[in-house]
Amino acid sequence: SQYIPILDYYSNNLPLVCTMYASSECYFGVNLNPLCKPSEVSYTLIPTMCYFEFLPVHRNNGVTNSPNVPKSLTEKEQQELVDLVDVKLGHEYELVVTTYSGLYRYRVGDVLRVAGFKNKAPQFNFICRKNVVLSIDSDKTDEVELQNAVKNAVNHLMPFDATISEYTSYADTKTIPGHYVLFWELSLNGSTPIPPSVFEDCCLTIEESLNSVYRQGRVSDKSIGPLEIKIVEPGTFDKLMDYAISLGASINQYKTPRCVKFAPIVELMNSRAVSSYFSPKCPKWVPGHKKWNNGD
C-alpha cells in the first residue's frame, strides 16, 4: 500500500491491476475483479493449484500472536488447521500449502482475511507477512500496524512537498531501555528545508498510532524508550538490495524488508544515516479501569 500514491502519480491515475496471487512455491489464486481499487483487491484461491489449509490467526491489541514463524507446524497447530471450505467470513488465517512438487503443510508466512465468497469459493485479502514484528518487551508491532503508523506520520511532510521513498525498521535493544528505530529515505521535491521539529512530530505520531501495549511500555512501565527516526542518504535502499542479492536473494523476488535484524544490514543502514530524531514526549495512554455500579 505504501507504493500506491507513487504509482498513481507516475501513471496519471491509470487503473492499477493485480491479476494473481502467487509465490515461488506455487500459484495460489486470481483476482476476479481486476479493475477494482488496490485497497479492495481480493483473490479467489484455485483448489487445483495445491491443497490449501489455514491456521487461524488470533490477534491481541491488533497484532498477531506470534513474532516468529517456525518452518513446521506443531501438533496442536495441525489440529487447528481449517480446510478451504470451512473458513469464516472476516476471520484471519495463515496460509499453509501442500504442493505437487513435494512441500507438505508448508507455512507460506502470509496472513489472509476472508473478504467474501464467489458462489461458494472464499475470497481473501492479503493482510501482511506474519514474521514482520518489532518487539522490545511485551509489545509486538506487525507490518500492517507499522505501515499505518508511517502513513499517518507522512502527513507532517506534505507541506514541504516531501515523501518517504522507502523505509525499514529494527528494535534496538542495545540501549536501556530499548527502542524502535525507523530508517527513512526521503524523496524531496520542495526547496524548503524540513525543520527538526517536523521529524520529531513524525516520531510522536507513529507512537500515537501504535497499540496500547506499546504505549503502556512507553508511559507506565518505562520499558520502551522514545522512538527514533534516522534519515539515510539517497540510494541507501539500493545498496541494501545489492547487499541482499550478493548474499543470494533473487533479484526478481526481492522486496524491501520492513523489519531488519541481521547485524550487517543494521550496520549498513546506520553507516548511511545523516540525521537522527527522537520522539519529544510520551504518547497518550490511559490505564484501563472498571466501572462499578452501586448495586454490585
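Observations, loosely collected:
- Residue list for the stretch 137-170, restricted to those being without any contact (Cβ under 8 Å) to a residue 60 or more places away in the chain and part of a strand (DSSP E or B): A162
- One residue stands out in the stretch 81-99 among those that are modelled with pLDDT of 90 or more and hydroxyl-bearing (S, T, Y): the one that is nearest to F28 (Cα to Cα), namely T98.
- Taken as a whole, the condition of being open to solvent by less than 40 Å² (accessible area, probe 1.4 Å), in a loop (DSSP other than H, G, I, E, B) and in contact with a strand residue (DSSP E or B) (Cβ under 8 Å, 6 or more places away or on another chain) applies to I224.
- When residues of the stretch 140-158 are limited to those that are within 26 Å of G235 (Cβ to Cβ) and among the β-branched types (V, I, T), the one least open to solvent (accessible area, probe 1.4 Å): V150
- Filter pass, Q253 being open to solvent by 40 Å² or more (accessible area, probe 1.4 Å), in contact (Cβ under 8 Å) with a residue 40 or more places away in the chain and within 30 Å of A22 (Cβ to Cβ): yes
- The condition (being open to solvent by 10 Å² or more (accessible area, probe 1.4 Å), at pLDDT below 90, over 23 Å from Y9 (Cα atoms) and among the acidic types (D, E)) is satisfied by just one residue among D161, D201, D137, D172: D137.
- Restricting attention to the stretch 21-31 and to residues that are at pLDDT below 90 and among the hydrophobic types (A, V, I, L, M, F, W, C), the residue that is nearest to N252 (Cα to Cα) turns out to be A22.
- Among the residues making up the stretch 230-241, a single one is of a type in the set (D, E, K, R), part of a helix (DSSP H, G or I) and surrounded by 13 or more Cβ atoms within 10 Å (Cβ to Cβ): K239.
- Matching residues in the stretch 34-43 - criterion: being surrounded by 13 or more Cβ atoms within 10 Å (Cβ to Cβ), more than 17 Å from V108 (Cα to Cα) and of a type outside the set (A, V, I, L, M): P34, C36, P38, S42
- Per-region count, the stretch 85-109, residues closer than 16 Å to N125 by Cα and either open to solvent by less than 60 Å² (accessible area, probe 1.4 Å) or touching a residue at least 60 places away in the same chain (Cβ under 8 Å) (or both): 9
- With respect to (1) exposed (fewer than 11 other Cβ atoms within 10 Å of the Cβ); (2) assigned to a strand (DSSP E or B), the lone exception for F52 is condition (1).
- Within the stretch 1-29, if we keep just the residues that are in contact with a strand residue (DSSP E or B) (Cβ under 8 Å, 6 or more places away or on another chain) and open to solvent by 80 Å² or more (accessible area, probe 1.4 Å), the residue that is farthest from S101 (Cα to Cα) turns out to be P5.
The values are calculated or read from the model by the stated rules, or taken from the named source; none is laboratory data. Here the structure is a predicted model, which means the values were calculated and not measured. Heads up, the Cβs are rebuilt from the backbone with ideal geometry, glycines too, and the neighbour counts pull from every protein chain shown. The accessibility values were calculated without ligands, DNA or RNA, using every heavy atom of the protein model including side chains. Shrake-Rupley method; radii C 1.70, N 1.55, O 1.52, S 1.80 Å.
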